[in-house]
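Chemist: Questions regarding the structure given below will be posed in turn.
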Amino acid sequence: MLKTLLIAGTLYLAVLVFMSWSNRSTKENSKDFFLAGSNLGSFLGLFTFAATLFSTFTILGMPDFFRVHGVGAWIFIAVSDLVMVFGVLWFGYLLRTKVDKETFMGMAGFMSKRYDAAWVGYIVFGTAFIFLIPYVAIQIRGVAIFLDQAFPNSVPLAVWAIGMVVVMILYSEIGGLKAIIYNDVVQGILLMIVIWIIGWSCLKDLGGLGQMFEQVAEKEEALLSVPGPKGLFDFQFLFGSMVAICMIPFTQPQVSCRLVIMKDHRSLGRTALGLGGFAILVIAPTMFIGMYGAFHYGDASTSDFLGQTLLRDQSGTIGALVLIGLIAAAISTADSQLFALGGETRSMLRGEDRRMMRYAKICIVIFALLSLAFALMSSDELVLLARASFAGTALLGPLVFFGLFNANPAKHRLLP
């Protein structure tokens, strides 16, 4: 596996460097660097949305969620994602009718203007910062844990985490959002290929779809119904999760900025419909992997289950591709969120553009280092940490809705 990993990893890094350099921002201004020229088509839009939304917790967290809590995990994420597609269409259209593309730099600055109060922008930025930093940390920790499983006792877990952060900082700072979006295409395709290779292998091992459920029922029948063996998937949890996930387009800056930079409403509609199909295709194989784990590794720890299923039960070539796919998925999500926080910082700054852009770039590095620190201290419950992040940013929903739906939100704000 090491030889294949070195070859595949070198090729992947070469593609990453090439895409970052060839698609880097050529204009030294915030608009081009943070918003990629605001002319995004449906093909690029689909993959940059997909790569941003489906990440480490999809590859690592969702299989373990299916293994431990059962088929209710499908309702938790896949059904919620399909409902979110309608939110992308509705909110995207509404946001685009309110936003002036020439002046929009981020939701924090936009809300500050809508309410005619700087403190509103600070609330938007502060909430995004508090709840997105842990989500970035999930990506870093997930990859570090998996690499530690792949190469035990080679280097400390912190070394893997630091290496990933360095890669993210370098290509985000060099290429800007345009380079990130083009890399998202590569990473989204790679994610889909890798997860289906593993998922199909697990499904074949269990004898097909029908046999899979029969064999899992023999092991633990509660896995095939809600609320599941641990009682997690009750109505309150599932409904609350759906609300939190559906609020992502409204309250998470890495998504809302992509709604604004779509070329036109038609491109946005095609992207949203494609995103619904992508969600189904990417979640289905995680169920196969999870059911395989429930049958073979029901009592194993999370790290042991993932190490066995994704690495040691596969050929060396497949194991290496899994590692590359995992790293790609984590980077595409984490750098989008770090970059979005940098864009939100820029939207709140006033002054000469090049100087303000330089400050925002410095902030991206600071955010990355904070995420690294959180990753080294956080737990291994990737999915539940992700859900907490979604729920936290969802708290911004009423403020954002009022700012968009009210014709004059500044007139009705409670504070001066």
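The values are calculated or read from the model by the stated rules, or taken from the named source; none is laboratory data. Treat the numbers as computed from the prediction; the structure is a model and nothing was measured. Here Cβ is always computed from backbone atoms with ideal geometry, including for glycine, and neighbour counts include all displayed protein chains. Ligands, DNA and RNA are excluded from the accessible area calculation, which covers all protein heavy atoms including side chains. Shrake-Rupley method; radii C 1.70, N 1.55, O 1.52, S 1.80 Å.
Chemist: Quick one: putting +1 on the C-beta of Lys and Arg, -1 on the C-beta of Asp and Glu, what dipole do you get for the stretch 294-373 around its Cα centre, in Debye to the nearest 20?
Modeler: Numbers: 7 positive and 7 negative charges, 120 e Å.
Result for the stretch 294-373 is approximately 580 debye, rounded to the nearest 20.
Chemist: Let me ask another. Roll a 1.4 Å probe over the protein chains and send me the accessible area per residue for the chain in Å². Before the final figure, lay out each step's value.
Modeler: Numbers: 16440 Å² over 416 residues.
Accessible area per residue, the chain: 40 Å².
Chemist: Using amide H atoms built 1.01 Å from N in the peptide plane, name the residues 5+ places from Asn406, or on other chains, whose amide H lies under 5 Å from its own.
Modeler: none
Chemist: What is the percent carbon and sulfur in the accessible area of the stretch 263-416, measuring with a 1.4 Å probe over the protein chains and ignoring ligands?
Modeler: Numbers: 3900 of 6190 Å².
On the stretch 263-416, the fraction of accessible area on carbon and sulfur atoms equals 63 percent.
Chemist: A further question on this structure: What is the gain in length, in nm to one decimal, between Ser378 and Arg266 on full extension, counting 0.36 nm per residue of separation less the C-alpha to C-alpha distance?
Modeler: On the way: separation 112, 0.36 × 112 = 40.32 nm, distance 4.12 nm.
Net length gain for the segment: 36.2 nm.
Chemist: Just to check I understand the Karplus step: with θ = phi - 60° and J = 6.51 cos²θ - 1.76 cosθ + 1.60, what whole-Hz values come out for the stretch 119-127, glycine and proline as x?
Modeler: Each residue of the stretch 119-127 in turn: 5, 5, x, 5, 5, 4, 5, x, 5 Hz.
Chemist: In addition: How much length is gained if the chain between Asp116 and Val79 is pulled fully straight, taking 0.36 nm per residue apart and subtracting their Cα-Cα distance, in nm to one decimal?
Modeler: 9.6 nm
Chemist: Whole-Hz Karplus ³J(HN,Hα) for the stretch 303-315, in order, using 6.51 cos²θ - 1.76 cosθ + 1.60 and θ = phi - 60°, x for Gly and Pro?
Modeler: Result, rounded to whole Hz: 5, 5, 4, 5, x, 5, 6, 8, 10, 6, 8, 10, 5.
Chemist: A follow-up question, please. Run the numbers for Ser303 and Asp205: contour at 0.36 nm per residue of separation, minus the present Cα-Cα distance, in nm. Spell out each step's value before the answer.
Modeler: On the way: separation 98, 0.36 × 98 = 35.28 nm, distance 2.09 nm.
Full extension of this stretch gives 33.2 nm more.
Chemist: Right, another one. Lys31: which aspartates and glutamates have alpha carbons under 16 Å from its alpha carbon, excluding same-chain residues fewer than 8 sequence positions away?
Modeler: Within reach: Asp100, Glu102, Glu173, Glu344, Glu352, Asp353.
Chemist: Order 120-126, 248-254 from most to least packed using the mean count of other Cβ atoms within 10 Å. Before the final figure, lay out the partial values.
Modeler: Values: 120-126: 20.0, 248-254: 25.0.
Highest mean packing first, the order is 248-254, 120-126.
Chemist: In terms of Cα to Cα distance under 21 Å, which lysines are near enough to Lys219, apart from those fewer than 8 places away along the same chain?
Modeler: Lys204, Lys230
Chemist: Follow-up. Compute the relative contact order of the chain as a whole-number percentage, counting only Cα pairs closer than 8 Å that sit 6 or more residues apart in sequence.
Modeler: On the way: 645 pairs, mean separation 163.0, N = 416.
Here the relative contact order equals 39 percent.
Chemist: Could you point to the residue in Ala108, Gly72, Ala118 farthest towards the positive end of the chain's charge dipole, with +1 and -1 charges on the Cβ of Lys/Arg and Asp/Glu respectively?
Modeler: Ala118
Chemist: Now, a different point. Any idea how far the Cα center of the stretch 184-242 sits from the one of the stretch 320-387, in Å?
Modeler: Using only Cα atoms, the two centres lie 29 Å from each other.
Chemist: Amide H to amide H under 5 Å from Met262: which residues, 5+ apart in sequence or cross-chain, H placed 1.01 Å off N in plane?
Modeler: Leu40
Chemist: List the aspartates and glutamates whose alpha-carbon lies under 14 Å from that of Lys411, not counting same-chain residues fewer than 8 positions away?
Modeler: Asp116
Chemist: Could you tell me what percent of the accessible area of the stretch 1-95 is made up of carbon and sulfur, with a 1.4 Å probe and every protein chain present? Before the final figure, lay out the partial values.
Modeler: Details: 2740 of 3700 Å².
With neighbouring chains kept in place, the figure for the stretch 1-95 is 74 percent.
Chemist: Going down the list Lys98/Lys361; Lys98/Lys263; Lys178/Lys263, which pairs span over 21 Å between their C-alpha atoms? Show your work: numbers first, answer last.
Modeler: Working: Lys98/Lys361 27 Å; Lys98/Lys263 15 Å; Lys178/Lys263 14 Å.
Beyond 21 Å between Cα atoms: Lys98/Lys361.
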